[in-house]
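This report refers to the structure that appears directly beneath it.
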Amino acid sequence: MRPALAALALCIGLTPAIAQQDPQPEATYALTERESVHATDFMVAAAHPLAAEAGRAVLSAGGSAADAAVAVQMMLNLVEPQSSGIGGGAFLLYWDSSAKKLTSLDGRETAPQSATPEYWLGPDGAPVGFWDAVIGGKSVGVPGTLKLLEAAHARHGRLPWASLFDAAILRAEAGFPVSPRLAFSIQSAMEKGLGSFDATAKQFSRADGTPLQEGDRFENRDFARALRLIAAEGSGPFYRGAIAGDIVASVRTPTNPGVLTMEDLAAYEVVERAPVCAPFHGYEICGMGPPSSGGLTVGQILMLLEGQDLGTGPNLDAYHFFTEAAKLAYADRALFMADSDFVDMPEGLLNADYLAARAALINQTEAGEKAVAGDPPWKDAMLLAPDAPRERPGTSHFVIVDGYGDMVSMTTTIETGFGSRVMTNGFLLNNELTDFSFAPEKDGKPVANRVEGGKRPRSSMAPTIVLKDGAPVLLIGSPGGSRIINYVAQSLIAILVWGMDPQQAISLGHVVNRNGGTDLEENTAAAGLELPLSARGHEITVRNLNSGLHAIQITPDGLIGAADPRREGVALGE
């Protein structure tokens, strides 16, 4: 058999290749074989067993999906501190079963009011380097996760607020063993400034100053004390009181000091936004709108593929079409998408006629050049310049279905792994302001995602709830920076078009395009596409693509949950 055809045959089978177990799971990893988890009453899928168990316990006690989300996030902050926490931001989709209504809450971080479009320009007037911006208080935006969870609980909670912190407080005081993934993340981050600040260096180091290793006991009593205060008094201390004061003081780092103020924290508000929904194969694919590009770009990719024959299972043509559709969608993302409270955006990014015309640009057998943005319907057109994706994968995702039929799909982040490296009260602060464009304009045209005071940086987070005949049938989402969109869109195709079980779908090797070359996931059958896609003109890189997909499918026979084998999460239910 010729090499290209052999590679294609491997892809069609698409059983994930099993590599030898690697001691550095974020560098290279084995896609362990897993089976979906089934339940009848309720379920939670999250990125760490302790977080999933905290959510399961709340649901078992009669709690709602909103209640469980609080418990899950607080535990994730403790056991997966590199990815999310109350020092960051989040987007949450909530299905209210009694009202038969889907809502979305925007807990994205905001820039300090004093920030200007020149925020990331150096003394020479040129944008500073990414890592020069990350480390220190200047990259910290006003955190929104805690206030988002408080808002969700106020609307949909069934258990007392204070009780939802018990598991994380007890675990923070008792400690837990450092996992292989956390140990590797700490070691890697030490090479990227994790030891730059005393509080952070102390938390993630042994007594002799060396990084924590797998199996070491991790305790965080400062975080336990902060959680006790928040459990007793709500978000007040965080946004207006003692913790707020500590945040403002901590961002005044000796190098790269921040400008966040008490007034910035006190002014923060969670925003309820209309979900963005796109039609696809008889379903409604619903996600977050701006300032996230996730819902729009996932929706565009799928709508661009609506008229293509994707087959009944993974195949070369489908992946070719997928990457070409992604190029077109990412081109629109780069030019148009930003915080719509600050930037006028086209109203027609999901217009069926517009996307049908864009889909006609896809060559059926050959890869196209880098795509340029289209001309979607506008109310008031703007002259804008595009920027490039930069988001780093310091993010987590979880999904919850409670015993009452309410549901949560939430993506939560501190941006780069370990955020700004600045720590206070036992939690890390985000570096979300590096999600803005560093250059405020290009060729005399403003960049939509430029820095502005009070603005929320563009995100790719794509928490998703799929509806069929007005009712949820699937919850899904992932971390992964600007690749999140590809991870989620591919998984949706696998489940909704190819009829795959959720665990099979999220275990597929990833194929990613962000309007450039195509990335194939190493150590998986997707890497077998290198030769046949190259023959069609794709520029291929085989690399680590470390998603963290979690999904729950809602069927007439019950719930089916799945957790990404690339990380340490689980799905639990009853």
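The values are calculated or read from the model by the stated rules, or taken from the named source; none is laboratory data. The structure displayed is predicted, hence computed values, not measured ones. A quick note on method: Cβ atoms are made from the backbone with ideal geometry, for glycine too, and the neighbour counts reach across all protein chains shown. To get the accessible areas, we keep the full protein, side chains included, count just its heavy atoms, and leave off ligands, DNA and RNA. Shrake-Rupley method; radii C 1.70, N 1.55, O 1.52, S 1.80 Å.
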Residue within the stretch 551-565 that is farther than 28 Å from SER60 by Cβ and of a type outside the set (A, V, I, L, M) present: no
Count of residues meeting criterion [part of a loop (DSSP other than H, G, I, E, B) and open to solvent by 10 Å² or more (accessible area, probe 1.4 Å)] in the stretch 83-114: 6
Given (1) closer than 19 Å to ARG567 by Cβ; (2) of a type outside the set (A, V, I, L, M, F, W, C); (3) crowded, with 23+ Cβ neighbours inside 10 Å, index of the condition ASN544 fails: (3)
Lone unmet requirement of (1) in contact with a Pro (Cβ under 9 Å, 6 or more places away or on another chain); (2) of a type in the set (D, E, K, R); (3) assigned to a loop (DSSP other than H, G, I, E, B) for ARG333: (3)
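Look at VAL128 and say whether it is touching a residue at least 60 places away in the same chain (Cβ under 8 Å), closer than 25 Å to ALA462 by Cα and either open to solvent by 30 Å² or more (accessible area, probe 1.4 Å) or touching a strand residue (DSSP E or B) at 6+ places or on another chain (Cβ under 7 Å) (or both). I'd like the intermediate steps shown before the answer.
Numbers: touching a residue at least 60 places away in the same chain (Cβ under 8 Å): yes; closer than 25 Å to ALA462 by Cα: no; either open to solvent by 30 Å² or more (accessible area, probe 1.4 Å) or touching a strand residue (DSSP E or B) at 6+ places or on another chain (Cβ under 7 Å) (or both): yes.
The answer is no for VAL128.
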Residue in the stretch 68-80 that is open to solvent by 40 Å² or more (accessible area, probe 1.4 Å) and either at negative phi or touching a residue at least 60 places away in the same chain (Cβ under 8 Å) (or both) present: no
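If you check ASP344 against the conditions, is it in contact with an Asp or Glu (Cβ under 6 Å, 6 or more places away or on another chain), closer than 21 Å to LYS445 by Cα and either of a type in the set (Ser, Thr, Tyr) or outside any helix (DSSP H, G or I) (or both)?
Judged against the criteria, ASP344 is a match.
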Lone qualifier among LEU212, LEU229, LEU148 - being under 26 Å from ASP264 (Cα atoms), free of Cβ contacts under 8 Å to residues at least 60 places away in the same chain and either surrounded by 15 or more Cβ atoms within 10 Å (Cβ to Cβ) or polar (S, T, N, Q) (or both): LEU229
Hits in the stretch 528-544 - residues which are within 19 Å of SER491 (Cα to Cα) and not in a strand (DSSP E or B): GLY528, LEU529, ASN544
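Does ALA17 count as assigned to a helix (DSSP H, G or I) and modelled with pLDDT under 95? Show your work before the answer.
Details: assigned to a helix (DSSP H, G or I): no; modelled with pLDDT under 95: yes.
No: the conditions fail for ALA17.
What residue, among those in the stretch 55-66 that are assigned to a helix (DSSP H, G or I) and more than 21 Å from the chain's Cα centre (by Cα), is farthest from GLY417 (Cα to Cα)?
Taking the stretch 55-66 as the starting set, the residues that turn out to be assigned to a helix (DSSP H, G or I) are 55-60, 65-66.
Now narrow it down to the ones that are more than 21 Å from the chain's Cα centre (by Cα): 56-60.
Details: ARG56: 26, ALA57: 28, VAL58: 28, LEU59: 30, SER60: 32 Å.
My answer is SER60.
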Output for the stretch 306-326, where each listed residue is touching a strand residue (DSSP E or B) at 6+ places or on another chain (Cβ under 8 Å) and open to solvent by less than 10 Å² (accessible area, probe 1.4 Å): TYR319, PHE322, THR323, ALA326
Search result, residues across the stretch 507-536 that are at positive phi and either without any contact (Cβ under 8 Å) to a residue 24 or more places away in the chain or open to solvent by 50 Å² or more (accessible area, probe 1.4 Å) (or both): ASN523
Near pairs, Cβ below 8 angstrom, 6+ apart or cross-chain, from the stretch 450-479 (closer than 26 Å to THR555 by Cβ and open to solvent by 10 Å² or more (accessible area, probe 1.4 Å)) to any residue that is aromatic (Phe, Trp, Tyr) and modelled with pLDDT of 95 or more: LEU467/TYR283; LYS468/TYR283; PRO472/TRP95; VAL473/TYR283
Residue in the stretch 290-305 that is surrounded by the fewest Cβ atoms within 10 Å (Cβ to Cβ), counting only those that are out of contact with any helix residue (DSSP H, G or I) (no Cβ under 6 Å at 6 or more places or on another chain) and outside any helix (DSSP H, G or I): PRO290
Hits in the stretch 401-427 (condition: out of contact with any His (no Cβ under 9 Å at 6 or more places or on another chain), closer than 20 Å to ALA69 by Cβ and open to solvent by 10 Å² or more (accessible area, probe 1.4 Å)): GLY403, TYR404, GLY405, MET407
Residues that are open to solvent by 10 Å² or more (accessible area, probe 1.4 Å) and either closer than 30 Å to GLN113 by Cα or in a helix (DSSP H, G or I) (or both), drawn from the stretch 347-357: GLU347, ALA352, ASP353, TYR354, ALA356, ALA357
Test: residue in the stretch 547-557 that is surrounded by fewer than 22 Cβ atoms within 10 Å (Cβ to Cβ), without any contact (Cβ under 8 Å) to a residue 60 or more places away in the chain and among the polar types (S, T, N, Q): no
From the options ALA189, ALA207, ALA201, residue that is open to solvent by 50 Å² or more (accessible area, probe 1.4 Å) and among the hydrophobic types (A, V, I, L, M, F, W, C): ALA207
